[in-house]
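Visitor: Quick one: the structure is below, and I'll ask about it shortly.
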Amino acid sequence: MKKVLVLGASGQVASYTTPGLEPYYQLVLADVRPHPFGKPVIPVDISDYGQVLEASRGVDAIIDLAAYKNHPVFDFEITTKGAFHVMRAAAAHGIKKVIITGPQLVRGWYDNDFDVDDVPPAVSTGYNVLTKYLSIELCKAYARAYGIQTIFFLFNGLGPKPTAPVSKQDFPPMVIVWEDLHHACRLALEVESVPENCQVFTMLSYLGHGKYLIDKAKRILGYEPLEPVQEYYKRSTA
């Protein structure tokens with residue numbers, strides 16, 4: 001069983017993602033805040049390299065789910081510097097697998113297009129998007145230099161899948177449900193290597209609109225949504 005450090009473990013993404021990983025990995029949950037569901041968390045500030053270095057000692061992989069949205073200081077400290085500290089610690093300890101999540105970087109430019117998959121990122125001046133883009137470029141350099149298999153999962157939204165038919169609305173683009181993110185993280189933890197040691201995947205669960213695709217994730221990771229959740233949005237034509 002792999003030992004996996006999860007940074008930002010008390011945040012919204014992590015607190016609903018880690019339950020899908022707990023049966024398969026030995027998770028070390030780390031954050032500056034208590035866990036919302038009372039799980040044990042070791043205190044780690046991702047903006048402090050020394051703390052990240054110590055927390056990552058003896059683990060096989062690191063999952064960085066830490067985030068702070070739309071703040072001129074904390075976005076950079078947590079998203080960009082945090083990713084730098086993760087990669088630096090991975091290099092120091094010989095850790096060869098890093099997974100990081102974040103906001104999508106394409107919708108502002110490609111929402112009027114179709115068959116969008118592995119395209120150049122559309123980076124705005126928003127703190128959240130810009131700091132994530134900087135972290136990706138930084139991680140690519142570390143991944144190449146140290147052979148760290150680094151995988152980014154980017155999406156527009158995250159939440160539960162529907163439990164009943166949905167009416168009077170369309171399914172959202174580039175949204176991934178919890179179960180599919182669990183599945184994607186497991187695939188990323190188990191894949192031996194990815195091209196160029198670092199790959200960015202735009203992730204989604206709702207297929208069928210033909211705008212955003214998952215062909216790259218399917219080809220490299222073997223990812224497909226566990227359930228065709230867009231079926232909940234089908235309407236009768238009678």
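Visitor: So what's the angle, to the nearest 10 degrees on a 0 to 90 scale, between helix 178-190 and the longest Cα principal axis of the chain?
Guide: 50
Visitor: With +1 on the Cβ of every Lys and Arg and -1 on the Cβ of every Asp and Glu, and nothing else charged, how large is the dipole of the chain about its Cα centre, in debye rounded to the nearest 20?
Guide: Computed about the Cα centre, the dipole is about 200 debye.
Visitor: Work out the FRET efficiency for ARG33 and SER236 from their Cβ-Cβ distance, taking R0 = 45 Å, and round it to the nearest 0.05.
Guide: Once rounded, the FRET efficiency stands at 0.45.
Visitor: Which of the aspartates and glutamates could a cross-linker bridge to LYS161, judged by Cα under 16 Å and excluding same-chain residues fewer than eight apart?
Guide: Excluding near neighbours in sequence, the set is ASP170, GLU179, ASP180, GLU224, GLU227, GLU231.
Visitor: Same structure again: Measure out, as a whole number of angstrom, how far apart the alpha-carbon centroids of segment 130-186 and segment 1-63 sit.
Guide: Each part's Cα centre sits 18 Å from the other's.
Visitor: How big is segment 3-233 on each of its three principal axes, counting only the C-alpha atoms and giving the largest first in Å?
Guide: Reported extents, whole Å, longest axis first: 50, 37, 37.
Visitor: A follow-up question, please. Of ALA184, GLN51, HIS209, which is farthest towards the positive pole of the chain's charge dipole, taken about the Cα centre with +1 and -1 on the beta-carbons of Lys, Arg and Asp, Glu respectively?
Guide: So the residue we want is GLN51.
Visitor: When the chain is treated as a GNM, springs tying every alpha-carbon pair under 10 Å, which of LEU27, LEU187, LEU154 comes out with the largest mean-square fluctuation?
Guide: Highest fluctuation among the options: LEU187.
Visitor: Would you look at the GNM of the chain, springs on alpha carbons closer than 10 Å, and say which of LYS168, LYS132, LYS211 moves the most?
Guide: It is LYS168.
Visitor: Please grab the % of Cα pairs in segment 1-80 that end up more than 21 Å from each other.
Guide: The proportion of pairs with Cα distances above 21 Å equals 23 percent.
Visitor: Hey, if you put +1 on the Cβ of every Lys and Arg and -1 on every Asp and Glu Cβ in the chain, which of TYR25, ILE78, PRO165 ends up farthest toward the positive end of that dipole?
Guide: TYR25
Visitor: Related question: Report, to the nearest 10°, how far helix 127-146 tilts away from the longest principal axis of the Cα atoms in the chain, using its own Cα long axis and a range of 0 to 90°.
Guide: 60
Visitor: Once you list every other residue whose beta carbon is under 15 Å from the beta carbon of ALA89, what net charge do they have if Lys and Arg are +1 and Asp and Glu are -1?
Guide: +1
Visitor: Ignoring chymotrypsin sites (Phe, Trp or Tyr not before Pro) that are buried or in helix or strand per DSSP, and keeping those with at most 15 other beta carbon atoms within 10 Å, what is the longest stretch of the chain between them?
Guide: 115-238
Visitor: Report the net charge of residues surrounding SER193, where surrounding means a beta-carbon distance below 12 angstrom and charges are Lys +1, Arg +1, Asp -1, Glu -1.
Guide: Once positives and negatives cancel, what remains is -1.
Visitor: Under 17 Å Cα-Cα from LYS81, which lysines qualify once same-chain neighbours fewer than 8 residues away are excluded?
Guide: Partners found: LYS69, LYS132, LYS140.
Visitor: To the nearest 500 deg cm²/dmol, what mean residue ellipticity at 222 nm is calculated for the chain from DSSP H runs of n ≥ 4 alone, each contributing -39,500 (n - 2.57), summed and divided by the residues?
Guide: My calculation for the chain gives -8500 deg cm²/dmol from helical runs alone.
Any read-out appearing in this document is the output of simple, stated calculations on the displayed coordinates, not a laboratory observation. Predicted, not measured: the structure shown is a model, and the values here were computed from it. All Cβ positions, even for glycine, are placed from backbone atoms using ideal geometry, and neighbour counts span all protein chains on display.
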